1. Taking R0 as 22 Å, what's the FRET efficiency between GLU28 and HIS48 from their Cβ-Cβ distance, rounded to 0.05?
2. Give me the net charge of GLN63's neighbourhood, meaning all other residues with Cβ under 15 Å from the Cβ of GLN63; Lys, Arg count +1, Asp, Glu -1.
Amino acid sequence: MTWEIFCGKAWSTKAAVDAYYGVLKISEGKSVLLEEFAREMIVDEELHLDEVNKMLRKSGDVQPFRS
C-alpha cells in the first residue's frame, strides 16, 4: 500500500467515526441495541485509526503522523 492509500483510508475511517457518533446521538434513549452497536463501531474504527497512524509514522517516531 502506498502513502496515499493509507491517508485515504484514514480519511474514510474518520468519516465513519463521525457517522457512528451521529448514530449514537440519534439513538440515545431510544434503542439500547443501536446505542451499543454505535459504541462498538466507534471503538473499532478509532482503534483502526490508531493502527493506520502507526503505519504512517517513521520507525521510532512516537508523535502522531501529520500529513
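1. Once rounded, the FRET efficiency stands at 0.40.
2. Every neighbour counted, the sum reads +2.
Read-outs: derived from the displayed coordinates by stated rules, not from any lab. Please read these numbers as outputs of a predicted model, since none were measured by experiment. Every residue, glycine as well, gets a Cβ built from its backbone with ideal geometry; the counts of neighbours run over all protein chains shown.
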